[in-house]
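Chemist: Could you have a look at this structure, given as structure tokens, before my questions?
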């Protein structure tokens with residue numbers, strides 16, 4: 001098991017041969033972090049590594065138990081990665097369980113299972129505990145996958161911080 005520290009906002013990042021767990025703090029309320037996971041306009045802005053894009057029309061999220069989700073990530077001029085899965089559990093605004101694969105047509109048993117648990121902290125901050133389990137990837141690929149998720153969550157944090165700063169400014173401007 002390894003522990004990678006990337007920034008003050010990453011509490012821990014651990015992996016083994018069949019799973020990974022990341023605990024991260026976001027400077028945003030829990031409801032905003034949850035919305036970033038379930039609203040296509042937000043999800044498309046953070047899902048992916050730096051330099052990649054998810055066109056809004058290529059992100060569909062049917063957020064309910066049994067509902068499907070799909071996102072097409074554009075990486076460079078000639079590469080599209082298609083991610084898809086199904087929601088298993090949805091408990092707004094604190095808990096999500098969904099499956100994921102990048103292999104179109106893969107059997108549900110070959111999907112990894114993602115769990116997102118959100119806890120409100122003081123000062124409108126949120127702690128996210130994220131896990132990916134399944135054992136469907138080669139053991140060394142969990143290290144690459146963890147690195148990818150850390151980059152995704154960095155983008156998510158930047159998106160949420162910008163939204164939170166804008167909301168605070170709007171509230172402050174309304175006080176004058």
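The values are calculated or read from the model by the stated rules, or taken from the named source; none is laboratory data. Just so it is clear, the model here is predicted, and its values are computed rather than measured. Reconstructed Cβ throughout: ideal geometry from the backbone, glycine too, with neighbour counts over all protein chains shown.
Let's see how each residue does on (1) within 20 Å of residue 146 (Cα to Cα); (2) assigned to a loop (DSSP other than H, G, I, E, B):
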{"site": "114", "(1), (2)": "yes, no"}
{"site": "117", "(1), (2)": "yes, no"}
{"site": "120", "(1), (2)": "no, no"}
{"site": "123", "(1), (2)": "no, yes"}
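Chemist: So if I check each of 55, 65, which one is over 16 Å from residue 130 (Cβ atoms) and in contact (Cβ under 8 Å) with a residue 24 or more places away in the chain?
Modeler: Values: 55 fails: in contact (Cβ under 8 Å) with a residue 24 or more places away in the chain.
Going through 55, 65 in turn, the sole match is 65.
Chemist: Given 125, 129, which one is surrounded by 17 or more Cβ atoms within 10 Å (Cβ to Cβ) and either within 27 Å of residue 41 (Cβ to Cβ) or in contact (Cβ under 8 Å) with a residue 60 or more places away in the chain (or both)? If you could, list the steps in order and put the result at the bottom.
Modeler: Numbers: 129 fails: surrounded by 17 or more Cβ atoms within 10 Å (Cβ to Cβ).
Among 125, 129, only 125 is surrounded by 17 or more Cβ atoms within 10 Å (Cβ to Cβ) and either within 27 Å of residue 41 (Cβ to Cβ) or in contact (Cβ under 8 Å) with a residue 60 or more places away in the chain (or both).
Chemist: Hey, another quick one. Counting residues that are in contact with a strand residue (DSSP E or B) (Cβ under 6 Å, 6 or more places away or on another chain) and surrounded by 17 or more Cβ atoms within 10 Å (Cβ to Cβ), which strands (runs of 3 or more DSSP E) fully inside region 19-112 reach at least 3? Reasoning before the result, please.
Modeler: Values: elements: 19-26, 59-61, 68-74, 80-91, 95-100.
Passing ranges, in order: 19-26, 68-74, 80-91, 95-100.
Chemist: Considering only region 22-33, I want to know if a residue exists there that is farther than 15 Å from residue 151 by Cα, in contact (Cβ under 8 Å) with a residue 12 or more places away in the chain and within 13 Å of the chain's Cα centre (by Cα).
Modeler: Going through region 22-33, the residues farther than 15 Å from residue 151 by Cα turn out to be 27-33.
Filter once more, keeping what is in contact (Cβ under 8 Å) with a residue 12 or more places away in the chain: 27-33.
Filter again for within 13 Å of the chain's Cα centre (by Cα), leaving 32-33.
Among the residues of region 22-33, at least one is farther than 15 Å from residue 151 by Cα, in contact (Cβ under 8 Å) with a residue 12 or more places away in the chain and within 13 Å of the chain's Cα centre (by Cα), which makes the answer yes.
Chemist: Quick one: which residue in 143, 154 is at pLDDT 95 or above, within 19 Å of the chain's Cα centre (by Cα) and either farther than 17 Å from residue 36 by Cα or not in a loop (DSSP other than H, G, I, E, B) (or both)?
Modeler: On the way: 143 fails: at pLDDT 95 or above.
Result: 154 is the single residue among 143, 154 that is at pLDDT 95 or above, within 19 Å of the chain's Cα centre (by Cα) and either farther than 17 Å from residue 36 by Cα or not in a loop (DSSP other than H, G, I, E, B) (or both).
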